[in-house]
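The values are calculated or read from the model by the stated rules, or taken from the named source; none is laboratory data. Please read all numbers here as calculations on a predicted model, not as lab measurements. We place every Cβ from the backbone using ideal geometry, glycine too, and count neighbours over all the protein chains shown.
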Amino acid sequence: MHARYHLVLPDGTLGDTDLRTMQVLLASGWQDPETLTQIRRTPTVGYYYDTEKGDVCLDHILLRGFPVRSYWTYDGPLARAVADHLPTVLDAETGVQREGGDGHA
């Protein structure tokens, strides 16, 4: 699973975590609700497989132009039983545009 999230270097070894797609989206104006709320979410992975690192939020919701009320990882016995990734939840005001936002999420 490590290879799914890392750059593969020319010699075939694994490099750093591949963040290129997220960097492009953020640079184009999409926003990470975790950054807007300043509240760190709990990990979305790491509980299902013994070999998986447990301090990673691989799952995100990005938005642009809407005020964020809250943003969190839903964790509970049922969520852990049905999937290897925990759901990410966003509560945002869709009827109110923030300054500079175009109202699309």
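Go through the range 45-72 and give me each residue that's in contact with a Pro (Cβ under 9 Å, 6 or more places away or on another chain) and outside any loop (DSSP other than H, G, I, E, B). Walk me through it before giving the result.
So in the range 45-72, the residues in contact with a Pro (Cβ under 9 Å, 6 or more places away or on another chain) come out as 53-63, 68, 70-71.
Result: VAL56, LEU63, VAL68, SER70, TYR71.
Which members of the range 11-44 meet the condition of being part of a helix (DSSP H, G or I) and among the polar types (S, T, N, Q)? Full working, then the answer.
Here is the first cut: in the range 11-44, the residues part of a helix (DSSP H, G or I) are 20-27, 33-37.
Matches in the range 11-44: THR21, GLN23, THR35, THR37.
Cβ-Cβ below 8 Å, separation at least six or inter-chain, first residue in the range 1-24 and under 18 Å from GLY46 (Cα atoms), second modelled with pLDDT under 90 and among the polar types (S, T, N, Q): which pairs?
So the pair list comes out as MET1/THR51; TYR5/THR17; HIS6/THR17.
Do you know which residues across the range 8-57 are among the basic types (Lys, Arg) and exposed (fewer than 11 other Cβ atoms within 10 Å of the Cβ)?
Residues satisfying the conditions are ARG20, ARG40.
Can we say ASP55 is over 14 Å from the mean Cα position of the chain (by Cα) and of a type in the set (D, E, K, R)? Can you show your working first?
Numbers: over 14 Å from the mean Cα position of the chain (by Cα): no; of a type in the set (D, E, K, R): yes.
Answer is no for this residue.
Here are the criteria: (1) surrounded by 12 or more Cβ atoms within 10 Å (Cβ to Cβ); (2) at pLDDT 85 or above; (3) more than 20 Å from ASP18 (Cβ to Cβ); (4) not aromatic (Phe, Trp, Tyr). Tell me which single one LEU62 does not satisfy.
(3)
Kindly provide the set of residues from the range 25-55 that are touching a residue at least 40 places away in the same chain (Cβ under 8 Å) and not hydroxyl-bearing (Ser, Thr, Tyr), ordered by number.
Matches in the range 25-55: PRO33, ARG41, PRO43, VAL45, GLU52.
When you check PRO33 against the structure, is it in contact with a strand residue (DSSP E or B) (Cβ under 9 Å, 6 or more places away or on another chain) and either modelled with pLDDT of 90 or more or at positive phi (or both), yes or no?
Working: in contact with a strand residue (DSSP E or B) (Cβ under 9 Å, 6 or more places away or on another chain): yes; either modelled with pLDDT of 90 or more or at positive phi (or both): yes.
Considered against the rule, which asks whether it is in contact with a strand residue (DSSP E or B) (Cβ under 9 Å, 6 or more places away or on another chain) and either modelled with pLDDT of 90 or more or at positive phi (or both), PRO33 comes out as yes.
Identify the single condition in (1) free of Cβ contacts under 8 Å to residues at least 24 places away in the same chain; (2) assigned to a strand (DSSP E or B); (3) of a type in the set (A, V, I, L, M) that LEU78 does not satisfy, given that it satisfies every other one.
With respect to (1) free of Cβ contacts under 8 Å to residues at least 24 places away in the same chain; (2) assigned to a strand (DSSP E or B); (3) of a type in the set (A, V, I, L, M), LEU78 is out only on (2).
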